[in-house]
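Everything below concerns the one structure shown next.
The values are calculated or read from the model by the stated rules, or taken from the named source; none is laboratory data. Small disclaimer: the values here were computed from a predicted structure and weren't measured. Glycine gets a Cβ as well: all are built from the backbone with ideal geometry, and neighbour counts include every protein chain shown.
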Amino acid sequence: MKKIIFAMFVASLMVACSSSKESETNEVVDEVNDATAYNFDLAKSVLTWTAFKTPDKVGVPGSFNDIKLDGNMFTINARTVNSNNEIRDAKLKTFFFDNLSDSLITGSYGTISNGKIPVTIKMNGIEKTFDFDFIETDTTNVVSGSIDILKDFSGNAALEAISIACKELHLNKTWSDVNLQVVERK
């Protein structure tokens, strides 16, 4: 913790005292963020999402088969969606993810503080940072939070398309919130 505070202090001094260009300042801050960000082990981590359908808000879990991690930055190929149901996955690709501006979901995560970790997600051309929960146990580290496809990422076209395609299965209700969770085994 002292290293993190010291690194942030040094970065603050460098930013405050620097007469360099803004891009150089951003490089210093990025280096500090990379140095203090939590490092997940992708081989030991599993990302899952849970979307919701029906008026009773029945959860539909899934993941992605293609997730890349580079330092504290991640890239998810949304076209590799995997809900363990090939018919559902085809509908998600065609009706949901094909109606977003890009098939890649990118982002980064920052430094854990007081049981929270900032997670930045870029989807549908919109980038937003969330304070997700971080829980550490003897056997796992768990990051969890929720996003809203409509409010956070203007995914109206995608949500409407999947809602229409699955109208009967969803009993005319597809929810806009999605729970996200990363579990890292120790």
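What the table below lists for this structure:
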quantity	calculated
The listed residue being modelled with pLDDT of 95 or more and out of contact with any Ser or Thr (no Cβ under 8 Å at 6 or more places or on another chain), out of Asn84, Asn65, Asn77	Asn84
Any hit, region 149-164, residues being closer than 25 Å to Phe97 by Cβ and under 11 Å from the mean Cα position of the chain (by Cα)	no
Count - residues of region 71-102 that are β-branched (Val, Ile, Thr), free of Cβ contacts under 8 Å to residues at least 40 places away in the same chain and in contact with a helix residue (DSSP H, G or I) (Cβ under 8 Å, 6 or more places away or on another chain)	1
Residue match in region 34-44 (condition: modelled with pLDDT of 95 or more and either farther than 27 Å from Asp102 by Cα or surrounded by 14 or more Cβ atoms within 10 Å (Cβ to Cβ) (or both))	yes
Positions within region 161-179 being within 25 Å of Gly125 (Cβ to Cβ) and either touching a residue at least 60 places away in the same chain (Cβ under 8 Å) or not in a helix (DSSP H, G or I) (or both), in sequence order	Ala161, Ile162, Ile164, Ala165, Cys166, Thr174, Trp175, Ser176, Asp177, Val178, Asn179
Residues satisfying the stated conditions in region 64-76, i.e. closer than 17 Å to Thr50 by Cα and surrounded by fewer than 16 Cβ atoms within 10 Å (Cβ to Cβ)	Asn65
Residue list for region 79-138, filter: of a type in the set (Gly, Ala, Ser), assigned to a loop (DSSP other than H, G, I, E, B) and surrounded by 15 or more Cβ atoms within 10 Å (Cβ to Cβ)	Ser83, Gly110
From Thr137, Thr94, residue being under 21 Å from Ser45 (Cβ atoms) and either among the polar types (S, T, N, Q) or out of contact with any strand residue (DSSP E or B) (no Cβ under 7 Å at 6 or more places or on another chain) (or both)	Thr137
